[in-house]
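Q: A single structure is presented below for examination.
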Ligand SMILES: *Cc1c(COP(=O)(O)O)cnc(C)c1O
């Protein structure tokens, strides 16, 4: 054995203690770190001829990158929809690497853990048992997998096994949606439908939710033609929800495949007052839910739920590889997901779900929604700002009350000032043609103190803008 490998093997205990201390030091100051990572541009290191061993590598890392680490998973990252990582979730992730078991095998603890975690998640979200689920790397991959299964179904409606024969029969397939996430469009590109296969139908006035009458008219004109409908359960700008119960009724009449992107909106089911937003979703054929957002586990994890395990197997099975066994006989997750060898991605979720249970998640979600509503109220009551949509769940979408021609520059300047303050990060968007700012609350750490601190900062920075 190489001498450094031998040395590190003999010092596992001391070294991992140091890594633990380094981790704890980081986590204990996470909310004091700038939220947005400073741009970093280093001269690249060369591959060392002789390595430096584990301990010196940690020192080297800390010297080189230690000052450039941001509080990305801290309490005041309100950009995009960025979850944090609960303490047990971090432990689960660490242990995933320690065990380094392949979650592709049959009959093993990883398979059991994933199946058990999926069942707990079904309970958390109140999804019927008819849904099976798998872990994938993110909601993009969940949308990809859901739409891949949908593609298989679409082929079957036309008498073609797409997984065997390819896309030729689906050249004119249409995927209908209103406000799809960009990852749905990306998935269409990856799946061979092409980005242009999306048909974007109009929303209700002043909304991001689909106009059901428009959808029904579209379905009438396409009667008899197999279609995929992608519904949103939580849009990123304003967390708008398509009327899933109405879409479910149309599905029973027109028979399309219903995929629901509930990446973070699914968590509304954790709190009784918001559960109605998802009512009807059990009619879906496939559902995307992210884990590294509101479940607060580290990157990268999400789930694809579906009621069509056979179509899923037909899509993702490893066929004809004797050494991998018979996909029809031995249940393995690797025959149901894009990945073959698989990290035990369920373990961080398992730890966090066991640690906090349904009540813990209800508290996280409820707390985040309350904070979003409070920020919404503050913004609405202040003349420097304009709330662009009601706060439906965990995102506040607003703009500055300046002349239209100045809105873009002003919102950019405010966001930059807030980034530079290090106290908070939010992201820019354009909502119904208006340059805007979004603040998303999906982190377990965020408290009223954070909101108060940020609100002061927003007011000050905004006042400083108008002086200029
Ligand atoms: C974040 C998000 C995605 C993409 O998720 P990743 O985890 O970044 O792959 C898809 N849909 C919605 C609604 C999202 O919010």
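Q: Would you mind ranking 455, 350 by Cβ crowding within 10 Å, fewest neighbours first?
A: Sorted ascending by nearby Cβ count, the order is 455, 350.
Q: Determine the principal axes of the Cα atoms in segment 374-429, then give the extent along each, sorted from largest to smallest and rounded to whole angstroms.
A: Taking the Cα atoms of segment 374-429, the three principal extents are 27, 27, 19 Å.
Q: Just to be sure I understand the model, the point goes 7 Å from the Cα along the line to the Cβ. What's the resulting residue 119 to residue 330 distance in nm?
A: Placing both labels 7 Å along Cα→Cβ, they lie 2.3 nm apart.
Q: Which FRET efficiency, nearest 0.05, do residue 206 and residue 80 yield, Cβ-Cβ r, R0 35 Å?
A: Calculated transfer efficiency: 0.90.
Q: How big is the C-alpha Rg of segment 346-408 next to the rule-of-thumb value 2.2 N^0.38 Å, as a ratio?
A: 1.61
Q: Out of every Cα-Cα pair in segment 284-348, what percent are more than 21 Å apart?
A: 32
Q: Among 208-219, 384-395, how do they line up by average Cβ neighbours within 10 Å per residue, starting with the highest?
A: The packing order, highest mean first, is 384-395, 208-219.
Q: How high is the FRET efficiency from residue 99 to residue 68, r the C-beta distance, R0 30 Å, rounded to 0.05?
A: 0.50
Q: Here's another thing I want to ask about it. For segment 76-152, what are Rg and Dmax over the alpha carbons, in angstrom?
A: 14.9, 42
Q: Taking N as the number of residues in segment 266-311, what is its Cα Rg relative to 2.2 N^0.38 Å?
A: This ratio for segment 266-311 stands at 1.30.
Q: Okay, next question. With a ≥ b ≥ c the root eigenvalues of the C-alpha gyration tensor of segment 1-146, is it rounded (a/c under 1.5), prolate (a/b larger than b/c) or oblate?
A: Here segment 1-146 falls in the oblate category.
Q: Let me ask something else about it. Taking the Cβ of each residue in 86, 446, 57 as the centre, tally the other Cβ atoms inside 10 Å and list the residues starting with the fewest.
A: Going from sparsest to densest Cβ surroundings: 57, 446, 86.
Q: How much length is gained on full extension from residue 28 to residue 409, taking 0.36 nm per residue of separation minus their Cα-Cα distance?
A: My answer for the length gained is 133.5 nm.
Q: Given a Förster radius of 45 Å and the C-beta distance between residue 59 and residue 432 as r, what FRET efficiency does 1/(1 + (r/R0)^6) yield to the nearest 0.05?
A: So the FRET efficiency works out to roughly 0.30.
Q: Next up: Where Rh denotes the Kirkwood radius from the mean inverse Cα pair distance, what is Rg over Rh for segment 100-189?
A: That ratio is 1.04, to two decimals.
Q: OK, next. How large are Rg and Dmax for segment 146-214 when only the alpha carbon atoms are used, in Å?
A: Here Rg and the maximum Cα pair distance are 13.4, 44 Å.
Q: Can you work out the PRE-style zone for residue 50? Point 7 Å along Cα to Cβ, and I want the residues of segment 1-27 with backbone N under 12 Å.
A: Under 12 Å, as judged by backbone N against the label point of residue 50, lie 3-4 of segment 1-27.
Q: Tell me what the chain gives for mean residue ellipticity at 222 nm when only DSSP H runs of n ≥ 4 count, each as -39,500 (n - 2.57), the sum divided by the residue total, rounded to 500 deg cm²/dmol.
A: Dividing the helical sum by the residues of the chain leaves -14000 deg cm²/dmol.
Q: Let me ask something else about it. Please report, to one decimal in angstroms, the Kirkwood hydrodynamic radius of segment 231-321 built from all distinct Cα-Cα pairs.
A: 14.3
Q: Going by how many other Cβ atoms sit within 10 Å of their own, how do 308, 292, 382 line up, fewest first?
A: Neighbour counts put them in this order, fewest first: 382, 308, 292.
Q: Now, a different point. Stick to the Cα atoms of the chain, pair each with every other, and give me the Kirkwood hydrodynamic radius in Å at one decimal.
A: Hydrodynamic radius (Kirkwood, Cα pairs) of the chain is 24.1 Å.
Q: May I ask you to work out the translational diffusion coefficient for segment 130-272 at 4 °C, viscosity 1.567 mPa s, via Stokes-Einstein with Rh from the Kirkwood sum over Cα pairs, reported in whole µm²/s?
A: D, rounded to a whole number, is 83 µm²/s.
Q: Where q = 0.22, 0.24 Å⁻¹, what log10 of I(q)/I(0) comes from the Debye formula for segment 366-468, counting one point per Cα?
A: Debye output, listed in q order: -1.25, -1.50.
Read the figures in this text as sums done on the coordinates, not as results from a lab. Because the structure is a prediction, the values reported are computed rather than measured. In this analysis, Cβ positions are derived from the backbone assuming ideal geometry, glycine residues included, and neighbour counts consider all displayed protein chains.
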